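Written below as structure tokens is the structure these notes are about.
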Amino acid sequence: MVRKASRLPFAFQRLIDPFVSGVYAGDPSTLSAEAATGRVQVLEKKAGSLVAGAIQLFQERGAEKKEPRDPRLPEVKGQTVGSFREGLKQFSDALCADIDSKGSPVQLNWKLKQLAFDDQSQVHVLDYDTPKGAVRLRSRSVVLTAPSYVTAELLRPVCAPAAETLSAIRYPRVAAVTVEYPRSAFREPAHGKGIVNGFGQLHPRTQGIRTLGTIYSSSLFPNRMPDDDKIMLLHYIGGARDPELYGGIQDLTEGELVEDLNALCKRPIPSATLPISSMYRNGSGNGRAGQGGGYAERDKEQETMESAADQLTSWDTNTRKFSLQTLGLCGPSADVYSDQVAKCLDDEEAAVRKAAAVALGKMRASSETSALLAALRDTDAEVRCEAARALGQVSAKVVSPHVSKVVALHQDADEEVGLAAVSCLVAVGQARVLAPFTSSTFPTVAKAAIMEIGRCPMARTANAGCLSRALSHKDTAVRMAAAQACGELGAECAEEHLRALASASADRHVKVRRAAVQALGRLGSLAADCLVRFFRDSDDSLRHFAAETMGGLDDALAAEVTAKSLTEAQATSTQRQSALQALGKMKAGRDHAAAVAACLDDADLATRLAAIQALSGLKSEDYAPRLEQLRKDPAAGVRIAAVSALAKMGERGASSALIFLEDEDAGVRQSAVKVFSPLHSKLPSSVARAHIHQVAQLLLDEDWHVRLAVVVALGDLHMDIFSEQVAALSQDENNQVRRSAVAALEKMKASPAHAARFLGDDDPAVRSHAEEVYASLGGGRPDDDGDISEATHRDTVQTMLHPTEANNLPTALGVRVWDRAIPQLEIGHNKRLADVKESLADAGVKGMYLAGNYVGGVALGRCVEFGIEIANEVVDFIKVDAKQPTPA
Ligand SMILES: Cc1cc2nc3c(=O)[nH]c(=O)nc-3n(C[C@H](O)[C@H](O)[C@H](O)COP(=O)(O)OP(=O)(O)OC[C@H]3O[C@@H](n4cnc5c(N)ncnc54)[C@H](O)[C@@H]3O)c2cc1C
């Protein structure tokens, strides 16, 4: 965002910065303009600039024909903020009441504990903790609206890469503080429109105000403040930049939060204050989870079915169709009407025949299998498709003798029919007859068949030949699926599969090559010879993946094959690097440590680095002296890598690392110090302490990064004998060093007198931290005058409140802290979401929709809009009327 806004510095300071602070509680330098301001970006793309885009949008809106306004809505002047009379909860309550009235009760306090995807039946299995105990639901589709960090953990067993990606999304801590002041405390502002009149304020970080924004609750919303003599304010404090600017709100007590905000109220309203775009009242959602229902009372259901069955012969097409849908919704309990429904498979209208097939499937009408088999030859593709799906839902035992009729659909001219036939055969446990579908003219059908064959042990053994052939299919997705399926073969894997997977190293699509590597990894060390081919791949990440995969095989054979690839005469440098990476991961790699060490003299820098990394992985102390020799290497990067590797080599490594403390390069010295720092190194603390005097000498290093690293190490090793030297850093020019010195004193349990040297620090964050540490070391709390909020207050007691109110804290009506408040749509966010989608698809998970605000956007209006978009996608996916899951 900063990069995009750098063309307009004023707009950045007055618009983007407060917007980012107010809406995301975020940091504009890390947020993605594309992800965080999707619509603003559209404006820019539309007309070349934000302003021109906005004008064009207004013009277009003016020209649009407006829908008549709902007369029940209150009249408002222009753009305004809004909430509900009883707060936002009123909105969710109304939604629930509406859903309840449609016969599908909304379930509250259902906590999703676990999620799985049943490959065979292609349904999600959802385990909930509910007020009535554990409940399991099965559903074709799931919409997950939990925050990304919850969703990540739920998805982990189903798709670990998606979980990894999602867990990288950060949520800063934010607190909402509602306070009440006497009206008399406020000064009349210069605009003359009365005190605290308007929406509120948003504060650019550049203004030095800690609070992100304040909502004038009593003037903005009627009936929130019954007492006219009182004013209610809602402050938001915290956010992504608070830790860096003010030390974070995590340690502030509720009282301190109020105090901090009180100081703000005594400050003049800054010129850059902006109206807040929309109102938010309740921090967390209400924990609702949808649940299938159907008809609550049995006799009502019976009545409905009877009347629907009566209508099946109606002259009106829609009535017949609707009646079939109704019977379908009643599921197996409508089976008594199955013969009447089956007759509708001969209806003159294709839509009715289709509805009949769907209904028979939902009714699990095994008695109508023959009718459904006949419908597989219907002239209408949709009818054939639904008939195939329905056959997958009726009893497998009844369908199995007739599978050849379903298999015949591999030549069907319609793609959907082919797909439905594959699903049907899988559902009735006949995946092993799927081979003809692998040569379908539709790649999607061929892919589906291959994936299913791969999933079923019997099917993949019976069809091993067609899997290896499919690796040369013209369609990328089919080749990928074939590679994955080959990986499932395990001990059944034959020479032809290995050959086919190895030849995939020449595939033009990196995804196929990746799938082949993954498959080879599953086949064990027999595949090592094939896997090394990928060490020469042109794609960096694939080479990396191949090396990691080889490393994971970790046995003598894999290590030997890898070492051979390292030393072979024609090996390219990238090949050697991959081989080194793999050997570094293997315990069996130790047998080849000499070959690895030989690469420390390689002419190629990246290869030297890879060799160091590999030796580090092998943790072989014997090679510490060899790494020490690298102190003469001209590349600082190599020296840094050598030091880091020494950290894993125990006592011998530590002795060698000491030499690097004298390096001319500050980065190398810093890395050498970190060897002795417990949180940065694997070196046992007892060994680190033995050498700490040499490390402590660098407290006077010319480079602050080095001094910082030393202070951290001393603190983490609890070296109280250095308290005096650390306290002397109160004179250090760098505030990060001073701050870390304070933290180190606390860890060392130094005397309060040492911490006291930082109490007068110029930097408020250092000062505040010093006050905490001083108190925790037994020095007591600094008096009120020294309190940080008072210091801020002295700077800010200007207008909003009368100066005489300076020491009067407001009444705190409520303080609520969200440890993880708002997702940060940081640079690369959209790509991250795309990766998650792709990982889920790669894992074969279907019907899974992620719909938290980290996907759709954080403004409430956008959340609602996005909810509708997702609902439409789900409807497209399930393609039937509101099919709800039912407890198993
Ligand atoms: C302090 C703060 C101020 C805000 N101010 C505004 C504002 O002024 N205007 C605005 O438009 N937006 C504002 N927002 C943003 C807005 O509130 C959110 O973007 C919106 O509520 C997000 O909706 P959501 O459904 O994605 O997530 P949430 O509202 O967080 O809902 C997630 C739900 O998932 C549930 N859940 C979690 N785990 C499970 C599980 N295992 N099983 C079942 N359920 C689970 C949770 O209980 C919760 O109900 C603010 C947010 C915060 C935190």
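The values are calculated or read from the model by the stated rules, or taken from the named source; none is laboratory data. Everything quoted here is computed from the prediction, not taken from an experiment. Positions of Cβ are backbone-derived with ideal geometry, glycine not excepted, and every protein chain shown enters the neighbour counts. With ligands, DNA and RNA removed, areas are computed over all heavy atoms of the protein, side chains included. Shrake-Rupley method; radii C 1.70, N 1.55, O 1.52, S 1.80 Å.
Here are a few things to note about the model shown:
- Whenever a residue of segment 848-860 is in the same structural domain as Val143 (by TED's automatic domain parsing), its partners that are of a type in the set (A, V, I, L, M) and within 6 Å of the ligand (Cβ to nearest atom), lying with C-beta atoms within less than 8 angstrom and at least six residues away or across chains, give the pairs Gly852/Ala146; Asn853/Ile822; Val858/Ile822.
- Residue list for segment 661-679, filter: outside any helix (DSSP H, G or I) and either open to solvent by 10 Å² or more (accessible area, probe 1.4 Å) or in contact with a strand residue (DSSP E or B) (Cβ under 8 Å, 6 or more places away or on another chain) (or both): Asp663, Glu664, Asp665, Pro678, Leu679
- Just one of the listed residues (Leu115, Leu137) is open to solvent by less than 10 Å² (accessible area, probe 1.4 Å), over 20 Å from the mean Cα position of the chain (by Cα) and within 25 Å of Lys362 (Cα to Cα), and it is Leu137.
- Screening Ser370 with (1) closer than 22 Å to Gly103 by Cα; (2) of a type outside the set (A, V, I, L, M); (3) modelled with pLDDT of 90 or more gives one miss only, at (1).
- Odd one out for Phe91, checked against (1) in a strand (DSSP E or B); (2) within 16 Å of the ligand (Cβ to nearest atom); (3) open to solvent by 60 Å² or more (accessible area, probe 1.4 Å): (1)
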